[in-house]
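The values are calculated or read from the model by the stated rules, or taken from the named source; none is laboratory data. This is a predicted model, so every value here is computed, not measured. Neighbour counts are summed over all protein chains in view; Cβ atoms, including those assigned to glycine, are modelled from backbone coordinates with ideal geometry.
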Amino acid sequence: MKSPTIKKRFQYWFDNYMSRGTGALITALFMLSGLIIFTVAALVKITGNAPDDMSLLQLAWMALLRTLDSGTMGGDTGSFFFLFMMLVVTFGGIFVVSALIGIINNGLEDKLDELRKGRSAVLENDHTLILGWTPQIFTIISELVLANESRKSGAVIVILADHDKVGMEDAIHERVPDTKNTRVICRSGSPNDLTDLEIASPHTARSIIVLPEGADPDTHVIKSVLALTNNPNRRAEPYHIVTQIHDPTNLDVVKMIGTKDLVQPILANDLIARVVAQTSRQSGLSLVYTELMNFGGDEIYFKQEPALSGKTFGDALHAYETSTLMGIRKADGTIALSPSMDTRIQSGDQVFVLSADEDKINLSGLSRIPLDESLIQISGKASRPKPERALILGWNRSGSTIIRELDNYVAKGSQITVVSDIVNLEKKIRLDNGKLKNQKIAVREGNIHDRALLEKLGASEYDHVIVLAYSHLGQQEADAITLITLLHLRDIAERDETPFSIISEMLDLRNRELAEAAKVDDFIVSEHLISLMMAQLSENAELMDVFTDIFDPEGAEIYLKPISDYVATGQPVNFYTVTEAARRRSETALGYRLMSESHDSEKAYGVHTNPKKSKKVSFTSEDKVIVIAEG
């Protein structure tokens, strides 16, 4: 084989050197400049053409000045050779400086492009890391910003998603314009890739939220959790990971891969189905859940309260003026949501309360509770439940669970009708639900926003109408169908004197304002509710057991009941008296809903949780009391 020539070797070396980037090019230009300067200075000195017998260093300095500023040679005097050499070094300087400016400019552009790609490593500690990008992210960021307001040193949210960095930043700025004392840092990369994960510094994060993405969101979540928990560079301390799962069969898989860590998966479809089922029978319940889970109002806190040790739960209900007792966490960690009123609070127990802030959980110290016995209503005999008729319009993955949940609440002989344009849905529903104990199912195929079909169904003859968003469609398209259906239903309701509740599921929170024109009894923005819960858990992992108990159909649950069953209406009454009236029914009062404010978004649609107990309110017969009860 013929050996390469010197020319080819030089070209090969030159190509390799030039490929090293901006730094190598600048170094080469400096070396070339130095070579020109000292060569010219040496030639002038050797030939004896140096003016005023200048030294080599003085000549080099003159050459350097002409390299940097071509106008300097305008005042030169001396021999022809000296002037020619100064001309040479000036032309060399023009070439070098021009090339240097071009290289620096290109280098800066490359660096800016690199920064725009979001591939630089994050050097943060105690930050909240969000993996993935879905519409839920805006609610989560908004809630975390509110949660971090009390942090004097500020807080950081880092987002890693397979999207353009600048695009993510622009979208966040548009939807969450004021992040207060929270910095939001975006990075581009795959949450499933071990190398990309290192960019977001997961090993120093306070908590990690994994958002479900793609056509198979559960697979994406499992891979992301696996990349975190089995990372070869993982930290010794357990990670706190919050995520959501749609398929119940994947729940155990997520828990299995996170045995060394605190992984908290929310079963999204199951949770929303329970909320829809419960809300369909008592309007306003989703609003109460929203108030309990957002950071904008009152939140749930745990506290060791030695002064309550030895007291019964019923006696402790009046212990706080500006906080509301919800339950007890036993010394072994078990949660008792609104336990029996004679349950003793032990020395190792903690109470959990609803309060505006942790530093506002203070015992009132009242020796005498200001009750108005004359306004407390005597508990009447509960009426026997009657069979109910429910109509479900539309369908998604929560549908089957909603039917099963309703079966736990309704009386025997109840009926449920499902209408959807999904083909062969009846077979799937019967396969998923099997034999129900209290309900009979009828399934019809049709266009749910067809007015003629709604009239033919006799929507006004049902007790509850539930409108579900089609999950196989885009958010806006699905919500558009829901909105049209709601407008038809509200028109039907206004023409008919028979009262029936209308419950709607929305996908995009921004469409709720449009839907309010339909005066629907209640809205459930599914992804918004899940986002609130994820944000709460990322800040306080201990809340998982409380939320699990609240949404568990077994045991105590949250209800909205007629206030007239508890206290006299039309007269000012304080919340101490309402709390006492509920206590005598073995229930825990959390607040009330004023129906006169039910369509006022600025007043939380009339929902008042954790009211000041001494404040007096005049209720009407339409108002509701919010209680934790067995049924």
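Quick notes on this one:
- Residue pairs whose Cβ atoms lie under 7 Å apart, sitting 6 or more positions apart in sequence or on different chains, and linking a residue in segment 469-480 that is closer than 15 Å to GLY399 by Cα to a partner that is of a type in the set (A, V, I, L, M, F, W, C) and assigned to a helix (DSSP H, G or I), are ALA469/ALA478; TYR470/ALA478; TYR470/ILE481.
- Index of the failed condition, SER614 passing every other in (1) of a type outside the set (Val, Ile, Thr); (2) at pLDDT 90 or above; (3) surrounded by 15 or more Cβ atoms within 10 Å (Cβ to Cβ): (3)
- Number of residues in segment 290-312 that are of a type in the set (Phe, Trp, Tyr) and either crowded, with 23+ Cβ neighbours inside 10 Å or in a loop (DSSP other than H, G, I, E, B) (or both) equals 1.
- Number of the condition not met by LYS260 [criteria: (1) surrounded by fewer than 21 Cβ atoms within 10 Å (Cβ to Cβ); (2) closer than 19 Å to GLU539 by Cα]: (2)
- Any hit, segment 182-195, residues being surrounded by 23 or more Cβ atoms within 10 Å (Cβ to Cβ), under 30 Å from VAL467 (Cα atoms), hydrophobic (A, V, I, L, M, F, W, C) and not assigned by TED's automatic domain parsing to the domain that holds ASP407: no
- Residue count for segment 270-285, restricted to those that are under 15 Å from MET595 (Cα atoms) and within 22 Å of the chain's Cα centre (by Cα): 1.
- Segments classed as strands (runs of 3 or more DSSP E), wholly inside segment 204-278, with at least 3 members that are of a type in the set (Val, Ile, Thr): 207-210, 240-245
- Output for segment 35-55, where each listed residue is in contact with a helix residue (DSSP H, G or I) (Cβ under 7 Å, 6 or more places away or on another chain) and of a type outside the set (A, V, I, L, M): PHE38, LYS45, THR47, ASN49, PRO51
- Of the residues ASP216, ASP252, ASP270, ASP261, the single one that is more than 18 Å from MET544 (Cβ to Cβ) and either in contact with a Ser or Thr (Cβ under 6 Å, 6 or more places away or on another chain) or charged (D, E, K, R) (or both) is ASP216.
- From ASP491, ASP479, residue being assigned by TED's automatic domain parsing to the domain that holds SER400, loosely packed, with under 15 Cβ neighbours inside 10 Å, of a type outside the set (Phe, Trp, Tyr) and farther than 29 Å from ARG384 by Cβ: ASP491
- Boolean, ALA411 is assigned to a loop (DSSP other than H, G, I, E, B) and closer than 30 Å to PHE138 by Cα: no
- The listed residue being of a type in the set (Gly, Ala, Ser) and more than 20 Å from SER340 (Cβ to Cβ), out of SER586, SER596: SER596
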